[in-house]
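Scroll down for the structure; my scribbles are underneath it.
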Amino acid sequence: NALLRLCLSVLAVTILVLAAGNATAARIIRLGIVTTPGSAQYICAEKFRDLVAERSQGSTQVKLFHSGSLGSETDILQQVQMNAVDMAIITLGPFDTFVPEVKVISFPFLFRDHEQADEILDGPLGREMLSKLERAGFKGLAFSENGFRNLTNDTRPVTTVDDVHGLKIRVMESAMHKELWKTLGANPTPMAWPIYTELQQGTIDGQENPLSVLWVYKLYEVQKHLTLTGHVYSAHIDIASLVWWKSLPSVDQELLATAMHDAAVYQRQWNRQNVVGFLNKLKAAGMEVVSNPDLSSFKAQAEELKHMDIFAEPNTRALLDKFLN
Ligand code: EAX
């Protein structure tokens, strides 16, 4: 009858309007990084943003906050923890204040090469590490990378660990990185990124970072000497706020987790394909490169870290033993 038909068409229109409303009100995800466009973190963030837009057919949009607009990496971690920012891509260094076990991944000379880093971080040990983040309020999704870190300074060429003696080196805000450089004979100062001005003004003599960072941040302008130490594999951890993550429907979690994994794999490849190119650009820009330093002298000293207090906590110790074996 007419009344029923009227009711049905009102219902149909209502459903259409609601559906249209939903389609236009895209979910916005806020993702924070400390670095600038062109950086390793940005390459991953940008890929993630594009994959999410494509795979959600525009119903989810990722908005990138970068170049320090949310403060330091430590600040961003706090904001993710408090659910003021949804997601972030953070260099492993500043993480260990929040989750002590993760410093194991940054143990000096732990990974021989990129393939080994992938095998371990994409495998059960990596997953175990990501699950540790939940205690601190983070959902760990994937590992992307900054790359292997190398020492630069403006004082002298560094060929053996003895040459490090007394250099004022900026390190990330991480107790482990500070201990490492103390052990190697330097005078380390933890500072948040970026550090161009401090290098320029000579407050510090040197720093350590992957080649892409030296290029993107123009550190060749203020650092003469580069030594290919590759002492630490610098992973990024790609995270979400755990509270926010748990509030998402599982289909969305699945889409985001897969997109972040794919973005991380893409970004690692990008990083690796560009290593030689960055090295050549740094040389052309005037950096003097020690390509074959006496790494055994560095390794011998760095080994001491195993016996230090920073690895004494039982969970951290147990994980370190697993990673080293
Ligand atoms: O990605 O703080 C650091 O040294 C990091 O490597 C920096 O965020 C560049």
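Structural remarks
- Residue match in the stretch 176-186 (condition: assigned to a strand (DSSP E or B) and within 16 Å of the ligand (Cβ to nearest atom)): no
- The stretch 123-161, subset assigned to a loop (DSSP other than H, G, I, E, B) and either surrounded by 16 or more Cβ atoms within 10 Å (Cβ to Cβ) or of a type in the set (A, V, I, L, M, F, W, C) (or both), residue nearest to the chain's Cα centre (by Cα): 149
- Looking only at residues of the stretch 158-200 that are among the charged types (D, E, K, R) and touching a Lys or Arg at 6+ places or on another chain (Cβ under 7 Å), we find that the one that is farthest from residue 35 (Cα to Cα) is 163.
- Qualifying residue in the stretch 267-290 (condition: free of Cβ contacts under 8 Å to residues at least 60 places away in the same chain and within 27 Å of residue 86 (Cβ to Cβ)): yes
- Scanning the stretch 208-260 for residues that are crowded, with 20+ Cβ neighbours inside 10 Å, assigned to a helix (DSSP H, G or I), under 18 Å from the mean Cα position of the chain (by Cα) and away from the ligand (no atom under 16 Å from the Cβ) yields 256, 259, 260.
- So residue 56, is it modelled with pLDDT under 95, hydroxyl-bearing (Ser, Thr, Tyr) and over 30 Å from residue 219 (Cα atoms): no
- Considering the conditions (1) within 18 Å of residue 39 (Cβ to Cβ); (2) within 16 Å of the ligand (Cβ to nearest atom), residue 63 is excluded by exactly one of them, (2).
- Condition met for residue 81 (more than 19 Å from the chain's Cα centre (by Cα) and either surrounded by fewer than 16 Cβ atoms within 10 Å (Cβ to Cβ) or more than 16 Å from the ligand (Cβ to nearest atom) (or both)): no
Table: residues versus (1) farther than 29 Å from residue 216 by Cβ; (2) of a type in the set (A, V, I, L, M, F, W, C); (3) not in a helix (DSSP H, G or I).
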site	(1), (2), (3)
273	no, no, no
278	no, yes, no
286	no, no, yes
292	no, no, yes
297	yes, no, no
303	yes, no, no
315	yes, no, no
321	yes, no, no
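- Residue in the stretch 129-142 that is within 14 Å of the ligand (Cβ to nearest atom) and either touching a residue at least 12 places away in the same chain (Cβ under 8 Å) or under 30 Å from residue 241 (Cβ atoms) (or both) present: no
- Selection within the stretch 84-117: residues that are in contact with a Lys or Arg (Cβ under 7 Å, 6 or more places away or on another chain) and acidic (Asp, Glu). The member of this set that is nearest to the ligand (Cβ to nearest atom) is 96.
- Condition check for residue 301: under 18 Å from residue 104 (Cα atoms), among the polar types (S, T, N, Q), surrounded by 12 or more Cβ atoms within 10 Å (Cβ to Cβ) and at pLDDT 95 or above: yes
- The stretch 162-175, subset part of a helix (DSSP H, G or I) and aliphatic (A, V, I, L, M), residue farthest from the ligand (Cβ to nearest atom): 164
- Neighbours by Cβ (under 8 Å, 6+ apart or cross-chain): first from the stretch 52-66, over 14 Å from residue 258 (Cβ atoms); second at pLDDT below 95 and assigned to a strand (DSSP E or B): 59/27; 61/27
The values are calculated or read from the model by the stated rules, or taken from the named source; none is laboratory data. Just so it is clear, the structure is predicted and the values come from calculations on it, not from any experiment. Positions of Cβ are backbone-derived with ideal geometry, glycine not excepted, and every protein chain shown enters the neighbour counts.
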